[in-house]
Each structure stands twice: as structure tokens, then as C-alpha cells.
1. Considering only residues of the stretch 326-381 that are polar (S, T, N, Q) and closer than 30 Å to Gln114 by Cβ, which is farthest from the chain's Cα centre (by Cα)?
2. Out of all the residues in the stretch 154-174, which are touching a Lys or Arg at 6+ places or on another chain (Cβ under 9 Å), modelled with pLDDT of 95 or more and within 18 Å of Gln101 (Cβ to Cβ)?
3. Considering only the stretch 162-205, state which residues are within 23 Å of His393 (Cβ to Cβ) and touching a Ser or Thr at 6+ places or on another chain (Cβ under 7 Å).
4. Any chance the stretch 193-206 includes a residue that's touching a strand residue (DSSP E or B) at 6+ places or on another chain (Cβ under 7 Å) and farther than 30 Å from Cys92 by Cβ?
5. Out of all the residues in the stretch 138-153, which are loosely packed, with under 15 Cβ neighbours inside 10 Å and modelled with pLDDT under 90?
6. Quick check: anything in the stretch 43-59 assigned to a helix (DSSP H, G or I), hydroxyl-bearing (Ser, Thr, Tyr), under 27 Å from Lys122 (Cβ atoms) and at pLDDT 95 or above?
7. Residues of the stretch 208-219 being closer than 13 Å to Gly339 by Cα and surrounded by fewer than 21 Cβ atoms within 10 Å (Cβ to Cβ), which ones?
8. Please specify each residue of the stretch 60-82 satisfying the condition of being within 16 Å of Leu46 (Cβ to Cβ) and surrounded by fewer than 18 Cβ atoms within 10 Å (Cβ to Cβ).
Amino acid sequence: MISSIHSEPQSSNPEDKDLITLQATVVTHHQNKNTPLLPATSLPILVPSSYIPYKLSPTLIQGKITCHHAQDVSFYKREFHHTPLFTVWIICREIKPLYSQKRFFEHAWQRNIQVRLMEMNKFECLVATNSCSNSDREVDTASSLLYDGEICKEWPQVIIPRMGSKITYFGLALIRFFEGLKENKPFILNESKGIEIAKDKFITMQKLASQHISIPKTMLLIHPLNIEQVHQHFEYPLVLKKVSGSQGKGVMLIHDRSQLVDLAEMVDPNSQMLLQEFIKSSKGVDIRVLVLGEKVLGAIKRIAKEGFKANFHQGGNVEPFALTPCIENLAVSAVKACGLLFAGVDILMGESSNDSYRVCEVNSSPGFEGFELATGIDVAREVMSFCETNVFH
């Protein structure tokens, strides 16, 4: 949508006519966390009158990125009454919708791109062959896809997996189903192999190390835990992590031997855990870099509110971070090593600017609410432009 201060062009969607004015709350990031927040301000934006029944609570992030925040989730299930430029399926675990789902849908709608939010567990995949014993005859292969019990008659041109680190075997199989199509194969933003690598933090570390990318020293734990072996390779404090997880969940800081012994006894023997070197110089602070293709969109510094976990969803503060060629190359190399196209790379900082940076995680389904808040970079626009380029070129 547009406003008197908005830099975006007017919507190209022919259904977005009869504009009216709404007040949008201006959300501006304050770099100095000790500076008190200014009173909330608002600015007028123009929206189609057809949006009003959906109970919008619009915000203007950095005064230029609009998010309508419709309270009625049916707003994010709307279908065009005309032929769109192309269709995108965003496959997620559930339709909440999250900030990223809202942003993708709203920006795509402006560009005449149909986005459908699709729940992973409502799909059913069927593969069959019309085979015969005569090997000289060509074998016909048919692939069918059902959603919510109905055969999918229309196929998307783009698939964006947004199932995160909790993606299941079925979720990966669903992505492989699209990868295996011979006809109507969509462009897939992050294929199954890369998602599977990023899902497992230890495999991620292996991939990065094989490409000589700097990482914290990492050990995969076995049960029962060999404490003496740990002491040969690590000093306290050290970090205990679940092999799969996101948003800082399942991550603990171990301060001494007794704490490690106690936790080792409490951990389920069937759970997969790893130990990682604690980078003291980066305590409570890390750098999140967003990479799309071979382009670095930008970076933010995440600062823990308390403790050592700096994730935005754990209550951490965010501020823009000035990229260096070293960090850009490190982030792009990490994403390539994992076989991804769109990812968030978490980087720990050394003692000084001359010290090496270390990649601690690669996220195949990065959230970007904090990123947009801190930088004003329109991630949804960048992703949709990237998809459009790959569909038509």
C-alpha cells in the first residue's frame, strides 16, 4: 500500500481500488537501548476499502515497510478473482499466521502474486506407475497430490518451505515430491537436502568445517557421557544444545563439572545433544546475517536482554550491524556449504575486529521481524523479487 511517506509503488493488483485512509503506528528502532522509547506516533496510509472488514492494525516499520496485521486471519486466505502473475505456496506447520507469513502474503498481493498458506499435514502424496512386464514399453508415471482431501488441480510456480527446524520426515518427503516432478516443476526456495542439513546442527557444523569455515569446537554427545573425554577438549563454561531447535530453545550454558554431570543424568538417552565451545567474547551477542542467493541482504546485532542467548524471540534487543567483506563472504560461504538459497546465518564475534568470526548456526527458515525492525530492509520484497526472477528467467 502507499502513503504520503511510503516509498513503495502503488499496488499493481487490479482489485486494490477505492482507497481510503487509515492511521498506521510508526515503529522506529532505537539503536541506544538506554534511550527511552518515544511516544508512539502514527501516519496516514492508503488501503483498499475492501480491507476494512478484516480489522487491520497497521504498522509502518521504520516509516516505510507496511504490515497490515489483520486480526481476521481470513485476510491471509484471500484468492484473486483474476489470473495472477504466478502462484506461490508457502508450506508451514500451521497457519497462525506468523509475521513472515503476513509479510509474504501482503507484499505478494500488491504485486499481483497469489500466495497460499498451506499446512504441511493437510497434504497427501501419491505416486503410481502404469507398468507392464514388457521392458520395451515405456512406463507411465503419475504423481498426484491431495490437499485437505481434494486433488490439487492447479500447481504453484514457487514453493517456499517455512516449516523450520521442526520439519518432519513427511515435510521433507513433501518437498522431495515437488523436486521429483518432471512436469510443472516449481521453483523451490530451499530444497530438501539443504533443509535437512540445517535441521541438524551437528551435520551443519560438519559441512561448514569441510569447507574450512570457522566454527566453534563441537562434539556430538553419546550416552553415557564420558566426562573425561569432554575435559580433554573443552573448558568451562561450555554450551549444551539440542541437535535440532531454533529461537534459542534447547540451549543451556554449563558452568562446571557438577552441572554437566547433573544435566547428563537428566537428559533423555534417546535425545540427540551436542556440546559446543563457549565464545566468551561473544557472550550475549551475535550477528544475524540474511542471505538470499549469493546476495547478503543485511545484518543485525542481537543483544541478549539477560543471560547469553541473543535471539529476538527470546526477548533480545536488535540493532543494525555494518557489514564487512569478511562477514559477507563468511555468510555466503556458509549458506552455499549447506545447499540453501535463503537462510539466516548466526555468527559469533572474536576478541577484536582482527579476530576470526565463527558461524554457530544456519537457519533455513529465518524469521525476519527483528531484522526488518532494525534495518528497514524489506525482506518480503527481496524474496518475492528473487522468486519472480527464477520463475521467468
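The values are calculated or read from the model by the stated rules, or taken from the named source; none is laboratory data. Just so you know, these numbers come straight off a predicted model, no measurement behind them. Cβ: placed from backbone, ideal geometry, glycine included. Neighbour counts: every protein chain shown.
1. Within the stretch 326-381, the first condition is being polar (S, T, N, Q), and the residues that meet it are 329, 333, 352-354, 356, 363-365, 375.
Filter once more, so that each one left must be closer than 30 Å to Gln114 by Cβ: 363-365, 375.
Values: Asn363: 6, Ser364: 6, Ser365: 2, Thr375: 17 Å.
Residue satisfying both the conditions and the ranking: Thr375.
2. If the condition is that a residue be touching a Lys or Arg at 6+ places or on another chain (Cβ under 9 Å), modelled with pLDDT of 95 or more and within 18 Å of Gln101 (Cβ to Cβ), then Pro156, Arg162, Gly171 are the ones that fit.
3. Selection gives Ile175, Glu179, Leu181, Asn190, Gly194.
4. No.
5. Glu138, Val139, Asp140, Thr141, Ala142, Ser144, Lys153
6. The answer is yes, given that some residue of the stretch 43-59 is assigned to a helix (DSSP H, G or I), hydroxyl-bearing (Ser, Thr, Tyr), under 27 Å from Lys122 (Cβ atoms) and at pLDDT 95 or above.
7. Gln211
8. Gly63, Lys64
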